[in-house]
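Notes to accompany the following structure.
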Amino acid sequence: MPTFAYKARRPGTDVFADVIEASDRNEAVARLKRMGLFLLSVESVGGGAADDPASGRLSRRISRESVAVLTSQLASLLKAGLPLASALRSLHQQMKGSPLAQVLQKIEQDVSESTTLSESVARFPYLFPRAYSAAIRAGEESGRLAEVLARLAGNLKKEMEIRGRIRGALAYPVFLCVLGGLTLVVLLTFVIPRFTRLFATMGEQLPLPTRILLAFSDTMDRFWPAVLGGLTAGVVCCVLAARREAVRSVIDRWALRLPYVGPIVGRSEIARFARTLSELLGSGVSILNSLRIARGVLGNHEFAAAVDEIRDAVSKGTPLADIMADLPVFTPLVVNMVAVGEQSGQLPELLLEVADIYEKECERAIHAFTTILGPMLIVILGGVIAFVITAILLPVFQASTLAG
């Protein structure tokens, strides 16, 4: 996500400078104004893509699993006592011929030219997120780079496991939707047109379901370009509208209130926020920088706005748990765990425990949702197909009755 440097003044305070992540400059300005700041300047400092467009395309061809394996192997080599440049060279030779080898070659060249590892990986934001490079920078400054890399590798593997289970849970509903859609296309394209000519020769008043089906089929046959164009235009308009800050905020707010979907979104955002914050604090990143980076991994505007409030309050000396208690997006369990962590000095460890708890709850919520979604899709698709078949057979039965 792009980063913007700004200078601002709060009522009754001196001018200060900071950075903020946003999709564009307008969103950055809107968020800063909501924080009650008087803006003096807002300028882009990059961070939305790799400096080299080819590097961005290359990064997209590399899987998260490859990054996790690379991180784990690099941590092992550093723990074994190899210098960083030698470890990178060894991994580059081992992975020669793969897209990741090209990235490693560029990182190795940077490190050999006295560029830090964190600065080098930050040039591949599609491959190494901002939290990743920030954790590495903290590991470099604290002399615990191997330990930080090992923790990053474990977190990446955990993230992949969760994504795999989510994909597995959604596979059956997706299969039902595809199968039902193909069945309807075959019926409307090949079956119904054949019966249309037969019904035209019967000369009797057709039943209402049959007339509805024939009218729909005839409309699709005559005006399918207009229907397709309208659907495409509608999708494009929805996508463009969703990119606007105000519309996106409304969508995200309602998403948290939807049955089944709301708990999944909320628990997922809490788990992502807690794991990222734990990783950064455990690596030695300051609390304010950790909150700023963790804010960038959140996809829901309600949670992102809450983190903005947290960061603003923490900068004034308010304890983390106190401000979280006033925000409805965080549950009492999260607030209590954070409070205990602040009091005991084990905030990273307890945040990691919060992430594990809510990741498991998110998986259970997804399983419950897909368990209900599967039978619901079967009933809906079965009802549509039953309507089509009934509409086709009713005139046949009616003709048989009249003939008898």
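The values are calculated or read from the model by the stated rules, or taken from the named source; none is laboratory data. Bear in mind the structure is a predicted one, so any value in this text is a computation, not a measurement. Methodologically, a virtual Cβ is constructed for each residue, glycine included, from the backbone with ideal geometry; neighbour enumeration extends over all protein chains shown.
Restricting the range 277-315 to residues that are of a type outside the set (Phe, Trp, Tyr) and within 26 Å of residue 368 (Cβ to Cβ), which is modelled with the lowest pLDDT? Outline the logic, then answer.
Filtering the range 277-315 down to residues of a type outside the set (Phe, Trp, Tyr) leaves 277-302, 304-315.
After this cut, where a residue has to be within 26 Å of residue 368 (Cβ to Cβ) as well, the list is 297-302, 306.
Values: 297: 75, 298: 81, 299: 78, 300: 84, 301: 85, 302: 87, 306: 90.
Filtering the range 277-315 for residues that are of a type outside the set (Phe, Trp, Tyr) and within 26 Å of residue 368 (Cβ to Cβ), the one modelled with the lowest pLDDT comes out as 297.
Residues are listed down the side, and each one gets a yes or a no for (1) exposed (fewer than 12 other Cβ atoms within 10 Å of the Cβ); (2) at pLDDT 75 or above; (3) under 16 Å from residue 396 (Cβ atoms); (4) within 38 Å of the chain's Cα centre (by Cα):
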| site | (1), (2), (3), (4) |
| --- | --- |
| 189 | no, no, no, yes |
| 195 | no, no, yes, no |
| 200 | yes, no, yes, no |
| 205 | yes, no, yes, no |
| 209 | no, yes, yes, no |
| 212 | no, yes, no, no |
| 223 | no, yes, no, yes |
| 226 | yes, yes, no, yes |
| 230 | yes, yes, no, yes |
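Only one residue in 169, 153 is within 23 Å of the chain's Cα centre (by Cα) and closer than 19 Å to residue 352 by Cα. Which one? When all the criteria are applied, what remains is 153.
Any residue in the range 175-183 that is touching a residue at least 24 places away in the same chain (Cβ under 8 Å), crowded, with 16+ Cβ neighbours inside 10 Å, in the same structural domain as residue 69 (by TED's automatic domain parsing) and more than 30 Å from residue 353 (Cα to Cα)? Checked the range 175-183: no residue is touching a residue at least 24 places away in the same chain (Cβ under 8 Å), crowded, with 16+ Cβ neighbours inside 10 Å, in the same structural domain as residue 69 (by TED's automatic domain parsing) and more than 30 Å from residue 353 (Cα to Cα). Looking at the range 252-288, which of the residues that are surrounded by fewer than 16 Cβ atoms within 10 Å (Cβ to Cβ) and touching a residue at least 24 places away in the same chain (Cβ under 8 Å) is farthest from residue 328 (Cα to Cα)? Only one residue tops the list, namely 288.
Under the condition of being within 20 Å of residue 307 (Cβ to Cβ) and surrounded by fewer than 21 Cβ atoms within 10 Å (Cβ to Cβ), the residues counted in the range 338-351 number 4.
Counting only residues that are within 23 Å of residue 340 (Cβ to Cβ) and touching an Asp or Glu at 6+ places or on another chain (Cβ under 6 Å), the range 290-318 holds 1 of them.
Listed here are the residues, each with its yes/no results for (1) assigned to a helix (DSSP H, G or I); (2) in the same structural domain as residue 83 (by TED's automatic domain parsing); (3) under 18 Å from residue 84 (Cα atoms).
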position: 108; (1), (2), (3): yes, yes, yes
position: 118; (1), (2), (3): yes, yes, yes
position: 138; (1), (2), (3): yes, no, yes
position: 148; (1), (2), (3): yes, no, yes
position: 161; (1), (2), (3): yes, no, no
position: 165; (1), (2), (3): yes, no, no
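Among the residues of the range 136-153, those identified as of a type outside the set (A, V, I, L, M) and either free of Cβ contacts under 8 Å to residues at least 12 places away in the same chain or over 16 Å from residue 68 (Cβ atoms) (or both) are 137, 139, 140, 141, 142, 143, 144, 147. Would you confirm whether or not the range 353-360 contains a residue that is in contact with a Ser or Thr (Cβ under 6 Å, 6 or more places away or on another chain) and not aromatic (Phe, Trp, Tyr)? Taking every residue of the range 353-360 in turn, none turns out to be in contact with a Ser or Thr (Cβ under 6 Å, 6 or more places away or on another chain) and not aromatic (Phe, Trp, Tyr).
The criterion of being crowded, with 17+ Cβ neighbours inside 10 Å, touching a residue at least 12 places away in the same chain (Cβ under 8 Å), part of a helix (DSSP H, G or I) and not aliphatic (A, V, I, L, M) does not hold for residue 90.
Among the residues here, residue 375 qualifies as assigned to a helix (DSSP H, G or I), without any contact (Cβ under 8 Å) to a residue 24 or more places away in the chain and in the same structural domain as residue 178 (by TED's automatic domain parsing).
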